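Below is one structure; the comments refer to it alone.
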Amino acid sequence: MLSNSLVELDRAHLIHPVASWRGHEQAGVRLLTSAKGATVTDTADRHLLDGFSGLWCVNAGYGHDSIVEAASRQMRELPYATGYFGLGSEPAVRLAAELAERAPGDLNHVYFTLGGSDAVDSSVRFISYYHHAKGEPQRDQFISLEHGYHGSSTVGAGLTALSAFHQGFGLPYPWQHKIPSSYPYRNSAGTDDASNIAASVAALRAKVAEIGADRVAAFYAEPIQGSGGVIVPPRGWMKAMRDTCLELGILFVADEVITGFGRTGPLFACAEDDVVPDLLTVAKGLTSGYAPMGAVFLSEHVYNTIADGAGSSAVGHGFTYSAHPVSAAVGLEVLRLYEEGGLLANGRVMGARLMEGLQSLSDHPLVGDVRGRGMLAALELVIDKERKTPLPAAAEAGRRIFERAWDCGLIIRAFAHGCIGYAPPLCCTEAEIDAIVEKTRRVLDLTL
Ligand code: PLP
């Protein structure tokens, strides 16, 4: 009864992100009431295995009392402190320092935001400050990748390549350019790693030449493209793109909003690829979804150039909730759980098991590709393996796959173009990973 009236209230009043508003009114909300470990419970008291960590964010898993205690302690002691007027709070300082110590290379300066979209937006603004400070204000053109996702603020949505985020804004802006992503399964440049990487490098060079080498501000890339369908470039791709940016004199930004904090194994995916970007954006796993927070890391030269350029003037960028003390307290405890609590280590072991399990589905008639790294994976579904023919009406098929998985007690992400995405919590047990694979096989059989 209570849940029925809540469904009506939701229908009448709550606007859901990235949803068909009319479709949602018809379907109604599925309300979740509680969660523990990797399992969420709905109002009908159904238990579902969360194979997607909410929205690839609850990396630590649900129900950690120590995180709740860290947040409530901070709320009691100091629920808010602005970073304006030279003020601050202890957890924000400590978290910045802990993160800087662990970040690749000299990414020593951390700017906290509320999530990933405003981290990306902030990075664009910092890059603009940087080039103005260097006396190169004409460097105002940005390049990102097809299939890329960089948030849904207006600027980030323009860097994003998914057309659903562009309608009605004239996006991408004329200063936002795209090049093909490395997409080994579909890339026409060939499937061997070396030619795939060479094609991406050539595309970046060609785009920079087309725009004008002295006009390009920065190149953005996710180490693994998440919302585009968990597209995994070959090992060495990031390094080659980073090195090309260095050679061309443009900034390289790694958007690790999904890949950060153990999702692919280490705290930062680019460290594993031996890459130190000029700027790095994170969110999601930073607080594991227990409180909203994102961050932009600036390397020494980016930070110092902006600082020297501004001199005694303010760098005009900030939010009321930048470096929120409660989110920072949560971030500190989450970081402790990743390391001392063994979550990173468990995630590595479970990630290997997940990949092995999903590989065992590659003989299924619908599975064209199995890909992933760590606890981030996808199946790409096709109706003809030879020709790699996508599922017909893939968006509708995706909705049905999501429903069937739900009915089997599993939450996965069904992408609009026929991919199934996995991002389970790092706390998963062997039995839970095996259940994800087993339930997926059932869903695929029902989809045949
Ligand atoms: N960048 C990437 C790579 C993302 O995957 C996302 C969200 O999924 C964002 C930015 C935006 O983050 P948020 O949804 O926290 O605004």
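What follows is calculated from the coordinates using simple rules that are stated; it is not laboratory data. A quick note: this is a predicted structure, and the numbers were derived from the prediction, not measured. So basically every Cβ, Gly included, is an ideal-geometry build from the backbone, and we count neighbours across all protein chains shown.
Compared with the alpha-carbon gap, the fully stretched path from Leu55 to Ser3 is longer by 16.4 nm at 0.36 nm per residue. Once backbone amide H atoms are built at 1.01 Å from N, Leu251 has Ala218, Phe219 as its partners under 5 Å, excluding neighbours fewer than 5 places away on the same chain. How large is log10 of I(q)/I(0) for the chain at q = 0.06, 0.13 Å⁻¹ when the intensity is taken from the Debye formula with one equal scatterer per alpha-carbon? Reported log10 I(q)/I(0), two decimals: -0.25, -1.26.
Using Cβ point charges alone (K and R +1, D and E -1), the dipole size of the range 38-124 about the Cα centre works out to roughly 80 debye. Note on Trp21 and Glu438: their simple-model spin labels are 4.4 nm apart, each label 7 Å out from Cα toward Cβ. Here the peptides 53-65, 241-253, 167-179 are ranked by packing, the mean other Cβ count within 10 Å, and the order with the highest first is 53-65, 241-253, 167-179.
Evaluated with a Cβ-only charge set (Lys, Arg +1; Asp, Glu -1), the chain carries a dipole of roughly 720 debye about its Cα centre, given to the nearest 20. Modelled this way, with points 7 Å down the Cα-to-C-beta line, the labels at Glu386 and Ser163 are 3.0 nm from one another. The residue among Val201, Phe252, Tyr303 whose Cα reaches farthest toward the positive pole of the charge dipole of the chain, with charges on the beta-carbon of Lys, Arg, Asp and Glu, is Val201.
In terms of its alpha-carbon gyration tensor, the range 65-111 comes out oblate; a/c meets the 1.5 threshold, while b/c is at least as large as a/b. Amide H contacts for Leu267 (H built 1.01 Å from N in the peptide plane; partners 5 or more residues away or on another chain; cut-off under 5 Å): Gly262. Summary of the geometry: the range 242-256 and the range 56-96, compared by the centres of their Cα atoms, lie 32 Å apart.
For Lys36, the lysines whose Cα falls under 27 Å of its own Cα, not counting residues fewer than eight places away in the same chain, are Lys284, Lys439.
Between the range 286-306 and the range 402-448, the C-alpha centres lie 32 angstrom from each other. When peptides 297-306, 312-321 are ranked by their average number of other Cβ atoms within 10 Å per residue, the highest-first order is 297-306, 312-321. Shown here: the range 223-280, whose C-alpha atoms stretch 30, 21, 17 Å along the first, second and third principal axes, sorted largest to smallest.
Placing unit charges on the Cβ atoms of the charged side chains and taking the dipole of the chain about its Cα centre, the candidate lying farthest along the positive direction among Asn4, His177, His150 is Asn4. If each of Asp106 and Thr41 carries a label point 7 Å out from its Cα toward its Cβ, how far apart are those two points in nm? About 5.3 nm, to one decimal.
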